[in-house]
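See structure below.
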Amino acid sequence: MRFIGPHVSIKDSIALAVGRAAALSATGFALFTKNQRVWSAPPLKAEEAAAFRKAMDSNGYASRAVLPHAGYLINPATPDEDLRRKSLSLFLDEAGRTADLGLDTLNIHPGAYREGSMEDGVKRAAAMIDEVLAAIPGIRIAIENTSGAGTILGSSFEELDMLLSEIRHSSRAGFTLDTAHLYGAGYDVKGDPDGVLDSFFSRFGKDRLFGMHLNDSKVPLASRKDRHESLGHGLIGYEPIAQIAGREETQGIPLILETPDESLWKDEIRMLMEA
Ligand SMILES: [Zn+2]
Ligand SMILES: [Zn+2]
């Protein structure tokens, strides 16, 4: 089974996100667990969580088809004590919401270390992820690869490996690979999509891939930049992404579109389902 769909809005009510995905014939989807622009949001009410679960059931979505994305304010690698405290508190809150919604995996960016050594940043990010895994036993954390601008962690398989090896609760830690981020980081998913994935699987194994973000890229290979484009409209092109969606290892995990033109989502989903 292919779980393919976009990152949908939670505007007005988180339960409405499910219908938004279903209206596009998506077989999976992503969402934020709360307004991602604010540090604190009202707690998720039991009725809201119940409405979400009911909508999941009635639209036939299993929790493994859905990959919530943690808010961008969270910086697990930060050296700043105040930001670290706020990040941890929000990360715990979002992981708790993920569990309350009946979902099992939360996607997070490893963050930017800002100053000092990369290795210290890795230790801080891993420690925060560990703390969340320890506090919320029902969930898994998917660390998303990045294009690696500035001091942002997670742009190479080596760095992802360093993160994973610092996490004690590592049986519930894995990765999300974003094709646009791979390309920006210098992995040639256009020229050799299978080779890039094979090198990930040979290092981590198939079971560490918790999900993928299938995006085309506006910016060149190894640009260290992160600018998504609609499938087939960017520098990667449609074919390599379809090839990834067709691989045996990417069946049964969420394959999420974070592409900019919502009017193309329905076509993008259909094309990938047929790939
Ligand atoms: Zn992301
Ligand atoms: Zn992404």
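The values are calculated or read from the model by the stated rules, or taken from the named source; none is laboratory data. Bear in mind the structure is a predicted one, so any value in this text is a computation, not a measurement. With ideal geometry, Cβ positions are generated from the backbone for all residues, glycine too; neighbour counts draw on all protein chains shown. What goes into the accessible areas is simple: the full protein's heavy atoms, side chains included, and nothing from ligands, DNA or RNA. Shrake-Rupley method; radii C 1.70, N 1.55, O 1.52, S 1.80 Å.
If the condition is being free of Cβ contacts under 8 Å to residues at least 60 places away in the same chain, part of a helix (DSSP H, G or I) and buried (at least 19 other Cβ atoms within 10 Å of the Cβ), then region 94-123 contributes A95, G96, D100, G121, V122.
Residue under question is A242, and the condition is that it be touching a helix residue (DSSP H, G or I) at 6+ places or on another chain (Cβ under 8 Å) and either part of a strand (DSSP E or B) or open to solvent by 30 Å² or more (accessible area, probe 1.4 Å) (or both); does it hold? Spelling it out, it is not the case that A242 is touching a helix residue (DSSP H, G or I) at 6+ places or on another chain (Cβ under 8 Å) and either part of a strand (DSSP E or B) or open to solvent by 30 Å² or more (accessible area, probe 1.4 Å) (or both).
Criterion applied to D194, D216 was being charged (D, E, K, R) and open to solvent by less than 30 Å² (accessible area, probe 1.4 Å), and the one residue passing it is D216.
Pick from region 63-85 the residues that are touching a residue at least 24 places away in the same chain (Cβ under 8 Å) and away from ligand 1 (no atom under 16 Å from the Cβ): which of them is nearest to D100 (Cα to Cα)? It comes out as S63. A Cβ distance below 6 Å, combined with a sequence gap of six or more or placement on separate chains, defines the contacts here; from region 163-181, residues that are farther than 16 Å from F201 by Cα and in contact (Cβ under 8 Å) with a residue 12 or more places away in the chain reach residues that are within 9 Å of ligand 2 (Cβ to nearest atom) and open to solvent by less than 30 Å² (accessible area, probe 1.4 Å) in the pairs A180/N215; H181/N145; H181/T146. Entry remark, region 13-53: residues being open to solvent by 30 Å² or more (accessible area, probe 1.4 Å), farther than 24 Å from M1 by Cα and not aliphatic (A, V, I, L, M) number 11 in total. Residue check: D188 meets all listed conditions (1) more than 16 Å from ligand 2 (Cβ to nearest atom); (2) in a helix (DSSP H, G or I) but one, namely (2). For W265, the criteria (1) open to solvent by 60 Å² or more (accessible area, probe 1.4 Å); (2) in contact with a strand residue (DSSP E or B) (Cβ under 9 Å, 6 or more places away or on another chain) hold in every case but one, which is (1). For region 133-154, state whether one or more residues are assigned to a helix (DSSP H, G or I), under 28 Å from D216 (Cβ atoms) and not aromatic (F, W, Y). No, the conditions are met nowhere in region 133-154. Tell me, please, whether a residue that is within 30 Å of H233 (Cβ to Cβ) and within 16 Å of ligand 2 (Cβ to nearest atom) can be found in region 124-143. Taking every residue of region 124-143 in turn, at least one turns out to be within 30 Å of H233 (Cβ to Cβ) and within 16 Å of ligand 2 (Cβ to nearest atom). Screening A149 on (1) open to solvent by 10 Å² or more (accessible area, probe 1.4 Å); (2) within 16 Å of ligand 1 (Cβ to nearest atom); (3) within 17 Å of the chain's Cα centre (by Cα) shows it passes everything except condition (3).
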